[in-house]
1. Quick check: is even one residue across the range 147-160 surrounded by fewer than 20 Cβ atoms within 10 Å (Cβ to Cβ) and part of a helix (DSSP H, G or I)?
2. When only residues in the range 283-297 that are at pLDDT 85 or above and over 13 Å from Gly255 (Cβ atoms) count, which is surrounded by the most Cβ atoms within 10 Å (Cβ to Cβ)?
3. Has the range 461-477 got at least one residue that is of a type in the set (D, E, K, R), over 30 Å from Asn161 (Cα atoms) and touching a residue at least 60 places away in the same chain (Cβ under 8 Å)?
4. Being surrounded by 14 or more Cβ atoms within 10 Å (Cβ to Cβ), in contact with a helix residue (DSSP H, G or I) (Cβ under 9 Å, 6 or more places away or on another chain) and touching a residue at least 60 places away in the same chain (Cβ under 8 Å), is that true of even one residue in the range 422-433?
5. Quick one: which residue in Ser394, Ser360, Ser384 is outside any helix (DSSP H, G or I), within 27 Å of Pro251 (Cα to Cα) and of a type in the set (Ser, Thr, Tyr)?
6. So which of Val68, Val15 is of a type in the set (Val, Ile, Thr) and touching a Lys or Arg at 6+ places or on another chain (Cβ under 9 Å)?
7. From Ala407, Ala393, Ala330, grab the single residue that is at pLDDT 90 or above and surrounded by 15 or more Cβ atoms within 10 Å (Cβ to Cβ).
8. Looking at the range 175-188, can you tell me whether even one residue there is of a type outside the set (Phe, Trp, Tyr), in contact with an Asp or Glu (Cβ under 6 Å, 6 or more places away or on another chain) and surrounded by fewer than 24 Cβ atoms within 10 Å (Cβ to Cβ)?
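The values are calculated or read from the model by the stated rules, or taken from the named source; none is laboratory data. Note that this is a predicted model, so its numbers are computed, not measured. Every residue, glycine among them, receives a Cβ derived from its backbone with ideal geometry; neighbour counts consider all protein chains shown.
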Amino acid sequence: MIAELGHFALALALVLALAQALLPLIGAHVRDGRMMASAAPLAVGQCLALIASFACLVYVYVINDTTVLNVVQNSHSLKPLLYKITGTWGNHEGSLLLWVNILGLCGAAVSGFGRELPTALRARVLGVLGLISVGFLMFTIKTSNPFDRMWPPPPDGQGLNPVLQDIGLAMHPPLLYVGYVGYAVTFAFAIAALIEGRVDAAWGRWVRPWSLAAWSFLTLGIALGSWWAYYELGWGGYWFWDPVENASLLPWLIGTALLHSAIVVEKRDALKTWTILLAIIAFAMSLLGTFLVRSGVLNSVHSFANDPERGLFILALLMVYVIGAFLLFAFRASAMIPTGIFAPVSREGAIVLNNLLVCSITAVVFVGTLWPMFADALFGMKVSVGPPFFNAASFPLVVPLLLAMAAGPLMPWKRAQLFSVVMRLWWCAVIGFAAFFLALLLSGQKVMPAVGFAFAAWVVGAAIADIADRTALFRTNLGNSWNRAKGLPRAAWGAAIAHAGVGICAAGIAGMGLAQERMVALAPGESTTLAGYEWRLEGVRDVEGPNWTARRATISLLKDGAVVHVMEPSRRWFPIARQNTTEVAIRTNLIADLYAVIGEEEAGTGKAVIRLHYNLLAPWIWLGAAIMALGGGLSLADRRIRVSAPNRATARMVPAE
């Protein structure tokens, strides 16, 4: 009965989404106030129906209802309750339902927080969000219904994929989806602006918080996925240029450019057409990521499904939304005449350079990710594009990007003097060169990590210089500087913190270039050395969990003959799924990670294969990403960004077409 209620709630959401897509858009076109006013209650109604549907899915997972096919395929009665709940979105069908739920929540948020939007613009934005919901709800009901029944029911389910039974990966999809769907909102604002043929500073102010929120959540989602791969898969690295990793990176890169260009629209009434284009591309990249994860065209440990039929449906949705948006852009973009004039050397110029470099990196990742698929389909060629290509092609673009990112915030709007900016950053350059030579000396002449440390120091120093410049530090007494610091907008602090997070993340990546690794076969009592530690295998034993068994090693780390740490890596066996997983043992002090992985035991000798890593500054990669997201959240907390501008259409409720 609960499954049927969930299915009916999903169907009701589709009906409400269809009404939300049609009535407000028609009302805005014919200037009918009642039809436009229907947008908000329809969005809220759709949101409530979707929440009810998702709650029903969670319930059938919790009670392990084996008459529901989705539960049978992805759950089991012995699975811990936490993973029964998170397992609802650990599969294709459930994750799609979560996706449309977040879209419904965003629509309700626009209707609730956008009350001061011009009436026609608000109606059009909600109408476009309704159109997006219609497509994905049709896809869910037709090809991916999570409430499909099976009869007769089996005695128990097949269990969730063991690698997904982890809290890090459980929270990874929701964070990513909030980011993806956030770009659906900016896309809706862009389409509404194209229909009206008008983009102004107020529009930039409305778009900016949504792009900022989407970027912050996407940053957290990508970082959490990277961290999960680091500690769960046992590869010992932080990023592998996996196709699905790249699929989440693409909208993040375009979203970074969108966030900065929206600031120029708000502050200077410039880059209007470019910002609209970025909003369309950001959503297109989000849809592309959804297609790659679910179509099976690219193989990845992160994929949800391997179903060409479903992939074609998503591809059709992508083409309808994106090609339609580009056609509308081609017809209407000329109406958005830019009015903000600025010199090449200015804050606007630095943001334009930032946008061009970020988009160039996006093009590199896009081509490298999709070219093997096209080469196979068009020419029958099996091509592999891996880390060497991505690293070599993106590095020349990252270097000027970091240089421009540091200088941009110190430039005034409209026109700047480059010499003045250089004089404010000279000490950052000195620190960067010092970091380079010190790292070069300590690393044994390893140039690339030293370059990474230099740029990391440069970026963090520039973020500090930005705050110092705003507070007149060293140009006035400390009391005045402190008062200025307290009066700084949260957005200013947030931007500086986010930029510093980029530098910290860069330092962590540079540190991984100095990582040490060793693979050895050890019998109990034997030891090896790595990074100044003696690693001694004490023994290997069997342990049993709620739905798994494991072989667990005990490794003592000794320094000067004394035990300082004990680590216990293991290999788990899930009998229901008939699959092994690796459980890495990590000991960190936030400066470096001591990392141990146990492999198979050698037949006859009884020795266990142990892989050991010493990963310098590895924690800084995810600490930097968290600081970046924190900066975004702090900026979002600034009332000037979070609260929309007054309704510009008080006197004329419906703007002229």
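1. Scanning the range 147-160, I find no residue that is surrounded by fewer than 20 Cβ atoms within 10 Å (Cβ to Cβ) and part of a helix (DSSP H, G or I), so the answer is no.
2. For the range 283-297, the residue satisfying everything is Leu287.
3. The answer is no, given that none of the residues of the range 461-477 is of a type in the set (D, E, K, R), over 30 Å from Asn161 (Cα atoms) and touching a residue at least 60 places away in the same chain (Cβ under 8 Å).
4. No, the range 422-433 contains no residue that is surrounded by 14 or more Cβ atoms within 10 Å (Cβ to Cβ), in contact with a helix residue (DSSP H, G or I) (Cβ under 9 Å, 6 or more places away or on another chain) and touching a residue at least 60 places away in the same chain (Cβ under 8 Å).
5. Within the list Ser394, Ser360, Ser384, the selection yields Ser384.
6. Val68
7. Testing whether each residue is at pLDDT 90 or above and surrounded by 15 or more Cβ atoms within 10 Å (Cβ to Cβ) leaves just Ala393.
8. No: the range 175-188 contains no residue that is of a type outside the set (Phe, Trp, Tyr), in contact with an Asp or Glu (Cβ under 6 Å, 6 or more places away or on another chain) and surrounded by fewer than 24 Cβ atoms within 10 Å (Cβ to Cβ).
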